[in-house]
Structures are given as structure tokens and as C-alpha cells.
Amino acid sequence: MPRITSLECSRCHHHVDSDSARTVCPACNGFLFVRYDMEEIKRSRRRPDAGSLGAGIGRYAAVLPEFAASSLGSGGTPLLPSRRFAGLLVKDEGRNPTGSFEDRGMELAVAAAKHYGVQQLSIAAEGEAAASLSAYANAVAIGARVFLPQDVPMPSHLQCVAFGAEVTVVLGSIRDCERKLEQEAKNGFNLSELKEPFRLEGAKTIAYELVEQMGWSYPDGVICPAGIGAVAIWKAFEEMEQLGWVAGRRPRLYVSGSDTGSFESGVLEASGGRVVEGTDALATLLDWARHEGILLSPEGAAGVQTYQALLASGEVAVTDRVVLINGSRGLNYAEVIARALRLRPKLPSSLPVGGIITPQ
Ligand SMILES: [Zn+2]
């Protein structure tokens, strides 16, 4: 595994060492990118091939820092062809341990925290990242404090509590959660988005994985989850080219939605892609369950709408190879889908375990 040469600020390009747990740039609060000696990696390591072992993020150990892997694992998710759109492939991140793409970044970020001797982690998140942090912190016996907005989906809330995190539900938005964290979790190391370098480093493995699954070639476009996805993918493309692992034109990156940060917007623009607004994602979600046998997340369904909008505008041709990242499993939004299906779930009157009916 490669040695980290420095952590480089994405804004002012100041370099800092990685000898202790780092948050953001000490000079300007910018996000820190992990940098390696790429020439050394190029000389000493080859890209994984069909004969190499390992399916999780550790398959790309050549380009990741040397921290102990989690017993939970993450990554190694399938690339599924659509039944109806010949050029569309779905990278199904719902297969991760807590059911979302967040697991890749959390596996590495929590391992880094453990390596640096951090005792307490904290996060402000809308749901899935907090559930993921709770699981990986539990796996290495580090404390976790999570701040969730009041409308957090139940499956994420449930996972945080079940994995033993200290949960605070905040009346308000994600911004209110961030403020509450700053007031109340001063002793914890903050793993919220873009607050430390290693979540993005784990997240970048999705790009290595999908390029390898396409025979070490680029697709024409990638529809990314909102958040750090596009930035992480772009960093991986840059690294793969430096190592000579892939050649050709980089894919255009698209994000569905409206709430993109400036960091993310810069990457989309550089790729020739953009933000595309979606409409009724729930109808698309139900349509894909019925006709494709895949229970997408609402965000994944919005990604399908993005794909269809790009086809309609001619920006993407039916023959183009496009990867849609389904960032999480539909069951992480069970109540939302139940409502759309007009189901009113009630608690079972008994709990079946291995064929034995146990009284509650
Ligand atoms: Zn800086």
C-alpha cells in the first residue's frame, strides 16, 4: 500500500502532513485531498486483473492508505444492465452493509480515525451517512454521536440506534444539525461531509470499480449521487490516468437535483456534464420495481429521470454507455415507498425466528 506524501488543500494548495488526524486546511479551511507518490505506485503496482483476489474496496489497496480494513467490508457492488435501455448500466450501491454508497467512505474514514487513536466520532447527516458511521464505529469499538433532522427516514434512524450510537434528533434541517453538533459534540472528531480527507478517499473506489467492470475503459457518462460522489469519482479518474490504468475521453458527470455545492459544480463543468432537475421520482421508482426488478432509492430514480431527460435533449445517445449510480437501496426509504403503494404496515403479532414462533 502506498505512503501518503501529503494532504493537499483543494483551495489554496497548501500541503500538510498526515502524521495526526486532520480535519480541513489549517490555512483556509479548504477540503484536503490525500496525495501519494504516483510515480512510485506506477513503478511498483499493477492494476487488478481477473486473477486478483478481493472484491471490496481493499481490491484497490494500491491507491489507498494503509489502514486496517473493517470486518464489515464495503464495495464490490454489481453493474446491472437495464432491461429496457440498451446503453444504461446501474451500479447498485444498495448492496453495501448498511445499504448505501456511504459505506465505502465510512469504512476508510473510521479505519483512519482508529489508526490515529480517535476515541469519539460525530456526524451531522440526513440519515444514511449517520447509519453507516454508526455501523463502522461499532465494528471498531469507537463511540459515535449522530445528529439527524426530524424527517430522517426510519431505517436510517433505526440503524443508528441499533448500532449503539448516541442519537440526537434535531427539529430543523441539516444545517441546524451541523450547528447543534458544533455546540454539543466538541470532543468528537467530525466525519460530516468534506470535514476530513478519508471519506472521499474511500468513496473514490466506486470509480476504480466501475472502470474495471467495463474492462478498464471509460463509459460515456456517469450519473452520480449528490454530495461528494462526483468529486471522488473525478479524483479517481485523474489517478487512473496518471497510473496508465485507463485511457480515452473522461465521462461527462451528471447529478440530479438542485442543491449542489460549488466544489461539486466545478467538477461537473470540467467534465462537460451538469446538474439536471428531476420531477416525479416516486413514479419512476415504482416503474423500475415493476419492470426492471430493481428497487431503486428515490435518488436513483431521479437519476433515471436525468438519463431520460438527457436522451430527450440529445445530450446522450441511446448507444452511449451510461452508468447510473443507485446510491442506496430502496428499503432505506421503506415508509416513502409504502405510502406510494398505499400500504399501511402494521406490526406482526408474533416474531418468527427460524420457523419457531416466539411470543413478543
Ligand atoms: Zn487551504
- Query: In the range 133-176, carbon and sulfur make up what percent of the accessible area (probe 1.4 Å)?
  - Reply: 58
- Convex hull volume of the range 230-327 per residue (C-alpha atoms, cubic angstrom): 116
- Message: With a 1.4 Å probe and all protein chains kept in place, how much accessible area does Thr279 have, in Å² rounded to the nearest 10?
- Response: 130
- Message: Below 10 angstrom from the Cβ of Ile206, what's the summed charge of the other residues (Lys, Arg +1; Asp, Glu -1)?
- Response: +1
- Query: What Rg and what Dmax come out for the chain when only alpha-carbon atoms are used, in angstroms?
  - Reply: 20.3, 63
- Query: FRET efficiency for Ala21 and Arg45, Cβ-Cβ distance as r, R0 = 25 Å, nearest 0.05?
  - Reply: 0.40
- At 10 °C in a medium of viscosity 1.306 mPa s, the range 214-268 has a Stokes-Einstein diffusion coefficient, with Rh taken as the Kirkwood radius over alpha carbon pairs, in µm² per second, of 135
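At 222 nm, what helix-only mean residue ellipticity would the chain give, in deg cm²/dmol to the nearest 500, using -39500 (n - 2.57) for each DSSP H run of four or more?
The per-residue figure over the chain is -10500 deg cm²/dmol.
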- Can you tell me what the convex hull of the Cα atoms of the range 1-49 projects to on average, as an area in nm²? 4.1
- Message: Running a GNM on the chain with Cα contacts under 10 Å, which residue among Glu93, Glu182, Glu264 ends up with the highest mean-square fluctuation?
- Response: Glu182
- Stretched fully, the stretch from Arg179 through Ala312 gains (0.36 nm per residue minus C-alpha distance, one decimal, in nm) 43.7 nm
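Given the C-alpha atoms of the range 157-271, compute the convex hull and give its volume per residue in Å³.
143
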- Task: Kindly give Rg over Rh for the range 47-138, based on alpha-carbon atoms, with the Kirkwood expression for the hydrodynamic radius.
- Result: 1.03
- Those trypsin sites (Lys or Arg not before Pro) in the range 80-150 that DSSP places in a loop and that have at most 14 other beta carbons within 10 Å: Arg83, Arg84
- Task: Would you please give the residues with an amide H less than 5 Å from that of Ala125, counting only those at least 5 places away or on a separate chain, with H modeled from the backbone geometry?
- Result: Phe147
- Message: Please check: in the Gaussian network model of the chain (C-alpha springs, under 10 Å), which one of Leu286, Leu191, Leu171 has the largest mean-square fluctuation.
- Response: Leu171
- Query: Which whole-number value in Å² is the accessible area per residue of the range 119-187, probe 1.4 Å?
  - Reply: 46
- Query: In Å and whole numbers, how far do the C-alpha atoms of the range 285-359 stretch along each principal axis, longest first?
  - Reply: 59, 25, 19
- Message: Per residue, how large is the accessible surface of the range 234-360? Use a 1.4 angstrom probe and give square angstrom.
- Response: 54
- Name the residue, out of Ser82, Ser262, Ser20, whose mean-square fluctuation peaks in a Gaussian network model built on the chain with Cα pairs under 10 Å. Ser262
- Within the set Lys114/Lys204; Lys91/Lys180; Lys42/Lys91, which residue pairs have Cα atoms separated by over 31 Å? Lys91/Lys180
- Query: How much of the calculated P(r) for the range 119-187 lies past 19 Å, in percent of all Cα pairs?
  - Reply: 22
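The values are calculated or read from the model by the stated rules, or taken from the named source; none is laboratory data. This structure is a prediction, so every number in the text was calculated from the model and none was measured. For neighbour counting, all protein chains shown are included, and Cβ atoms are generated from backbone atoms with ideal geometry for every residue, glycine included. Note: areas computed on protein heavy atoms with side chains; ligands, DNA, RNA excluded. Shrake-Rupley method; radii C 1.70, N 1.55, O 1.52, S 1.80 Å.
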